[in-house]
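A.B. asks: Just dropping this structure here.
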Amino acid sequence: MNFNWQVIATTIIRNRIAILIVLALFTGFMWTQRGKKISQTLVSFVHEDDPVYIEFLRFKEVFGDDANTLVISVDADLSQLDNFKGVYELGEELKQADAVTGVINYTGIFDLIRDDSTSSFRVEPVAKQKPETQAEVDSLVRRINNLPFYRDLLYKASSDVSLVMISLDPDRMNTGDKVPIVGNILEKIDAFKQQYELEVHVAGLPVIRYDLHQTVVGELYLFLVLALIVTGITLLLFFRSLSTTIFPLIVVGSVIIFSMGLIGLMDYEISLITGIIPSLVTVISIPNSVYLITKYHIEFLRTRNKMKSLILVIEKIGIVTVMTNATTAIGLGVLAFTDIQPLKEFGVVAGLSVIAAFFISLLLIPIVFSFLPSPRKHQTRHLQRRGLSVVIKLLDNAVLNYRWAVFGVTFLIMVLSIWGMLRINPVSYMADDLPQDSYVMQDLRYIEDKFNGAFPFEIVVEDTTKSRRGVLQAKTLERISRLQDSLATYPDVSKSLSIADFAKFFKQSYYAAGPETYGLPDRRELGAIAGYLQASNFGNQLSLSRNLIDSTQKVTRITASIRDIGSIRIEELSDSIQKDIEDIFPTKRYITSITGTTRIFVKANDTLIESLLQSLAIAFGIIAMLMGLLFRSTRMVFISLIPNLLPLLMVAGVMGFAGIALKPSTALVFGVAFGVAVDDSIHFLARYRLARRLGDSVKRAVSNSFKDTGVSMIYTSMILFFGFVAFTYSSFGGTQNLGLLTSMTLGIAMFSNLIFLPALLITFDKD
């Protein structure tokens, strides 16, 4: 093996100019192919063949996307002339905005008028024009208050809060036009707010998607800069040399370009998931350079020959570098084998980027340093730092003389960690990763508090009989109304809307009477109303009724909104409502389902966590097999893996005690951290194996491994630690969790591999 690596090393040095040219051309090509497209849709983490997802696709095909309604709440007494006029003007202005397909609000409420001359209904705006006097407003308010259809839907009778509901073109909202469209609407709302000095709040999935899009773009560059600065400063502090700081960063730059080029070549979009890859590979590709440079300095101090030292670096740690990059690539790349497209894209790009980092660093570092002068004394001084030497001696002494105390403390930590792990709550929220102090979250909480929800919740009812009128029959309308009454008893569900509400509205209009006639029509009344409806031509005026029933009149929906109460409570709420549905709608006649974006979110949360944990198990198995091939010993496989499972267990315990929930962003940590943390074990064990082959006893081999690899292990662990800490400055809770928990895991893994691993070797490996 050493002979093969010696051939590789000499080939690299002899052909260094040609290799540099090829690397430059390749990097230039990947730069031209870099991904630029920002994802315009919410990331879906559900299997495409999942029944819940298939049902959601059917729903969208019949009724359209439920995630394209923007809601504005206005806290103002609209019985006052100025306030009424202001909201009226806002509604009229929003109707003219790009991609707006409908606007309904308190000042734009319509009434249904019975026209006996044509035996039909006609739609008539309550406010036909902007009022100019208080008397006009008083008259309009009295008329609106006599229309119970809108109560709790657009306004609260018990407060001064009303809603403006804006429907957006779903086709335009899934393109790059989304950002300017929503941005233009928000500008109009902000201008209205400033002009009238009213309390205005905005919510809805379009706003969340807009905010995510803007933040993803900003953080893509922010974290690239942060990661480069943090790793650069850390390298400079450790090596105290500009050249040993600059050239690893050049390697990192090449890897970043490669990862962005991969995203473009594979036609992937930059999403909240793939957007962190450049920053991620910035951090995890640095250890290659650190190990190569440190080993180069060690060999140069021994041989005093620059070229020979560079060849020895590749020869001695080439296979080790292969293994460390392989384990990291597996930890990330195993996600490519999931059935969830966003995770698959992340796994493909991240895994291949790690492989590219290996080749680029193995080629570029020896070649660059072959052109530079031999290391000077101050450049190798980091190997003899008194502080690090003292730390390594203390660790060596603790392992040699107090290893049973090490085992005792480790056992205690494991017990506490398992206790904490059992306290983990697997829950996530739809707006979980948004900054909790952002205007989006503040507005969302306000509207949820006033109207009991802002996220779509849909129930589909299908009549399976051959009845001509389908879901418009009196019995079906009565069942729908009963279900809506049941929904009204849930404090986390807003007022629902269905065709039964319109049937009540038409009845009141048919009798041209007050709110006392607002109720479900009986069969006779329904027949009379149907006659008037057949002669009516509403055009696009009944925007609220749009997409409540399909063209065959066999399928209808009950639409509502719910609070962001977390995946567990949403699941419990759905189960409770499902029981109500089954009690009201006999299965022999009706097919019912709970669907919509919120339902998909709950399903996606469970599916994603399951996929990530399965990926971790697969990665563990593959890495175990690689370790077996490297060390040719089952015992050594267990000795190498156990110290790296301990940090994962400890972090899980911390999550339980700290109340950090198990959700997609935190579950992702374990696979990433495990693939990276095992690298230190490989370096230590490779040096230990070499010492044993040279005849060292177990204890002497451990001590020599401390001296030779301890400094590099501490350097790389600290760089990784601070590199991932930079992610905690993200605006997204998920990215913050990734940074905090991964840095914590790697910090613990460093001590585990420097204390627990050597203690295991001394105990279980015999002379």
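The values are calculated or read from the model by the stated rules, or taken from the named source; none is laboratory data. Bear in mind that the values here come from a model prediction, so they are computed numbers and not experimental data. Every residue, glycine among them, receives a Cβ derived from its backbone with ideal geometry; neighbour counts consider all protein chains shown. Calculation scope for accessible area: heavy atoms of the full protein, side chains included, ligands and nucleic acids excluded. Shrake-Rupley method; radii C 1.70, N 1.55, O 1.52, S 1.80 Å.
A.B. asks: Is it the case that K579 is under 32 Å from the mean Cα position of the chain (by Cα) and surrounded by fewer than 17 Cβ atoms within 10 Å (Cβ to Cβ)? Spell out how you get there, then give the answer.
C.D. replies: On the way: under 32 Å from the mean Cα position of the chain (by Cα): yes; surrounded by fewer than 17 Cβ atoms within 10 Å (Cβ to Cβ): yes.
Spelling it out, K579 is indeed under 32 Å from the mean Cα position of the chain (by Cα) and surrounded by fewer than 17 Cβ atoms within 10 Å (Cβ to Cβ).
A.B. asks: Here's a follow-up. Exactly one condition in (1) within 30 Å of V207 (Cβ to Cβ); (2) at pLDDT below 90; (3) among the aromatic types (F, W, Y) is false for Y490; which is it?
C.D. replies: Looking at each condition in turn, Y490 falls short on (2).
A.B. asks: Hey, another quick one. Can you work out which of the residues in segment 174-225 that are open to solvent by 60 Å² or more (accessible area, probe 1.4 Å) and within 26 Å of the chain's Cα centre (by Cα) is farthest from Y439 (Cα to Cα)?
C.D. replies: V225
A.B. asks: So, one more: Among the listed residues S705, S665, which satisfies the condition of being more than 26 Å from M421 (Cβ to Cβ) and either without any contact (Cβ under 8 Å) to a residue 40 or more places away in the chain or of a type outside the set (A, V, I, L, M) (or both)? Spell out how you get there, then give the answer.
C.D. replies: Working: S665 fails: more than 26 Å from M421 (Cβ to Cβ).
Matching residue, one of S705, S665: S705.
A.B. asks: Report every pair of residues separated by at least 6 positions or lying on different chains whose Cβ atoms are under 6 Å apart, first residue within segment 105-131 and at positive phi, second surrounded by fewer than 19 Cβ atoms within 10 Å (Cβ to Cβ).
C.D. replies: These pairs meet every condition: S119/A535.
A.B. asks: Taking only segment 259-273 into account, find how many residues are outside any helix (DSSP H, G or I) and open to solvent by 20 Å² or more (accessible area, probe 1.4 Å). So that I can check it myself, show each step before the final result.
C.D. replies: Here is the first cut: in segment 259-273, the ones outside any helix (DSSP H, G or I) are 266-273.
With the extra rule that they be open to solvent by 20 Å² or more (accessible area, probe 1.4 Å), the set shrinks to 266-269, 272-273.
Residues in segment 259-273 being outside any helix (DSSP H, G or I) and open to solvent by 20 Å² or more (accessible area, probe 1.4 Å): 6 in total.
A.B. asks: Where the second residue is in a loop (DSSP other than H, G, I, E, B) and hydrophobic (A, V, I, L, M, F, W, C) and the first is farther than 21 Å from K95 by Cβ and lies in segment 154-181, which pairs have Cβ atoms under 7 Å and are six or more apart or on separate chains?
C.D. replies: The qualifying pairs are D160/A76.
A.B. asks: Looking at segment 397-406, is at least one residue of a type in the set (F, W, Y) and touching a residue at least 12 places away in the same chain (Cβ under 8 Å)?
C.D. replies: Taking every residue of segment 397-406 in turn, none turns out to be of a type in the set (F, W, Y) and touching a residue at least 12 places away in the same chain (Cβ under 8 Å).
A.B. asks: Let me ask you something else. Taking segment 91-122 on its own, how many of its residues are among the β-branched types (V, I, T) and open to solvent by less than 20 Å² (accessible area, probe 1.4 Å)?
C.D. replies: Qualifying residue count, segment 91-122: 4.
A.B. asks: Related question: Name the residue that is most open to solvent (accessible area, probe 1.4 Å), counting only residues in segment 726-735 that are more than 19 Å from L648 (Cβ to Cβ) and within 13 Å of the chain's Cα centre (by Cα).
C.D. replies: The qualifying residue most open to solvent (accessible area, probe 1.4 Å) is S731.
A.B. asks: Oh, and also: Out of (1) touching a helix residue (DSSP H, G or I) at 6+ places or on another chain (Cβ under 7 Å); (2) touching a residue at least 40 places away in the same chain (Cβ under 8 Å); (3) among the hydroxyl-bearing types (S, T, Y), the odd one out for Y210 is which?
C.D. replies: Status for Y210: all satisfied but (2).
A.B. asks: Which of the following residues is over 20 Å from the mean Cα position of the chain (by Cα), assigned to a helix (DSSP H, G or I), surrounded by 21 or more Cβ atoms within 10 Å (Cβ to Cβ) and at pLDDT below 85: I256, I276, I293, I317?
C.D. replies: Unique residue meeting the criteria: I317.
A.B. asks: Does at least one position in segment 561-576 carry a residue that is charged (D, E, K, R), open to solvent by less than 50 Å² (accessible area, probe 1.4 Å) and not in a helix (DSSP H, G or I)? Outline the logic, then answer.
C.D. replies: Step one: filter segment 561-576 for residues charged (D, E, K, R), giving 563-564, 569, 571-572, 575.
Filter once more, so that each one left must be open to solvent by less than 50 Å² (accessible area, probe 1.4 Å): 564.
Imposing the further condition that a residue be not in a helix (DSSP H, G or I) reduces the set to 564.
Yes, segment 561-576 contains at least one residue that is charged (D, E, K, R), open to solvent by less than 50 Å² (accessible area, probe 1.4 Å) and not in a helix (DSSP H, G or I).
A.B. asks: Among what's in segment 380-404 and is open to solvent by less than 60 Å² (accessible area, probe 1.4 Å), in a helix (DSSP H, G or I) and out of contact with any Phe, Trp or Tyr (no Cβ under 7 Å at 6 or more places or on another chain), pick the residue that is farthest from M650 (Cα to Cα).
C.D. replies: The qualifying residue farthest from M650 (Cα to Cα) is L383.
A.B. asks: Residues in segment 594-607: is at least one touching a helix residue (DSSP H, G or I) at 6+ places or on another chain (Cβ under 9 Å), more than 20 Å from P51 (Cα to Cα) and in contact (Cβ under 8 Å) with a residue 60 or more places away in the chain?
C.D. replies: No: zero hits.
A.B. asks: Go through segment 57-72 and report how many residues are crowded, with 19+ Cβ neighbours inside 10 Å, over 15 Å from V100 (Cα atoms) and at pLDDT 85 or above.
C.D. replies: The total comes to 1.
A.B. asks: Follow-up. Within segment 473-502, track down each residue that is of a type in the set (A, V, I, L, M, F, W, C), under 27 Å from T597 (Cβ atoms) and assigned to a helix (DSSP H, G or I). Steps first, please.
C.D. replies: If we filter segment 473-502 for residues that are of a type in the set (A, V, I, L, M, F, W, C), which is where we start, we get 474, 477, 480, 483, 487-488, 493, 497, 499-500, 502.
With under 27 Å from T597 (Cβ atoms) added as a condition, the list becomes 477, 480, 483, 487-488, 493, 497, 499-500, 502.
The answer is L477, I480, L483, L487, I499, A500, F502.
A.B. asks: Can I ask one more? Scan segment 516-538 and report the pairs whose first residue is closer than 12 Å to R122 by Cα and whose second residue is part of a loop (DSSP other than H, G, I, E, B) and open to solvent by 30 Å² or more (accessible area, probe 1.4 Å), with Cβ atoms within less than 7 Å and a gap of 6+ or a chain change.
C.D. replies: Taking only residues 6 or more apart or on different chains, the pairs are Y532/S119; A535/T118; A535/S119.
A.B. asks: Here's something else I'd like to know. Please find, among F657, F756, the residue that is surrounded by fewer than 18 Cβ atoms within 10 Å (Cβ to Cβ) and either touching a residue at least 60 places away in the same chain (Cβ under 8 Å) or touching a Gly at 6+ places or on another chain (Cβ under 7 Å) (or both).
C.D. replies: Going through F657, F756 in turn, the sole match is F657.
A.B. asks: Let me ask something else about it. Which one is nearest to D485 (Cα to Cα), of the residues in segment 420-459 that are among the aromatic types (F, W, Y) and part of a helix (DSSP H, G or I)? Talk me through it step by step, then tell me what you get.
C.D. replies: Step one: of segment 420-459, the residues among the aromatic types (F, W, Y) are 429, 439, 446, 451, 455, 457.
From what is left, the residues that are part of a helix (DSSP H, G or I) are 439, 446, 451.
Working: Y439: 33, Y446: 24, F451: 16 Å.
Once the filter is applied, the top-ranked residue is F451.
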